[in-house]
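The values are calculated or read from the model by the stated rules, or taken from the named source; none is laboratory data. Quick caveat, the model's predicted, so the values are computed rather than measured. So basically every Cβ, Gly included, is an ideal-geometry build from the backbone, and we count neighbours across all protein chains shown. These accessible areas exclude ligands, DNA and RNA; they are computed on the full protein's heavy atoms, side chains included. Shrake-Rupley method; radii C 1.70, N 1.55, O 1.52, S 1.80 Å.
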Amino acid sequence: MQQARNVVAAHEGGRLCDYCIEPGDCGRLRGAHSRLADPEMMAAEQEDRS
C-alpha cells in the first residue's frame, strides 16, 4: 500500500514517470488508484498495523 501511495505522490502536479504515455495516462498510476480503492487491501493494511 505504501508503494501505491508513493506512485500517486510521484504523479502529483501532473508529473510524469518513465511509464507515463502522456499526462494522466499511466498504467502504474491506474494500478495504484485501484489498490488504494480496494476495501480488502485497505482492511489488510489496517490489520497489519495492529
> Can you name every residue in segment 1-12 that is open to solvent by less than 90 Å² (accessible area, probe 1.4 Å) and without any contact (Cβ under 8 Å) to a residue 40 or more places away in the chain?
Replying inline: ALA4, ARG5, ASN6, VAL7, VAL8, ALA9, ALA10, HIS11
>> I'd like the full set of residues that are within 13 Å of MET1 (Cα to Cα) and either touching a residue at least 24 places away in the same chain (Cβ under 8 Å) or loosely packed, with under 10 Cβ neighbours inside 10 Å (or both), limited to segment 19-43.
In response: GLY31, ALA32, HIS33, ARG35, LEU36, PRO39, GLU40, MET41, MET42
>> For segment 31-50, which positions are aliphatic (A, V, I, L, M) and under 26 Å from CYS20 (Cα atoms)?
In response: ALA32, LEU36, ALA37, MET41, MET42
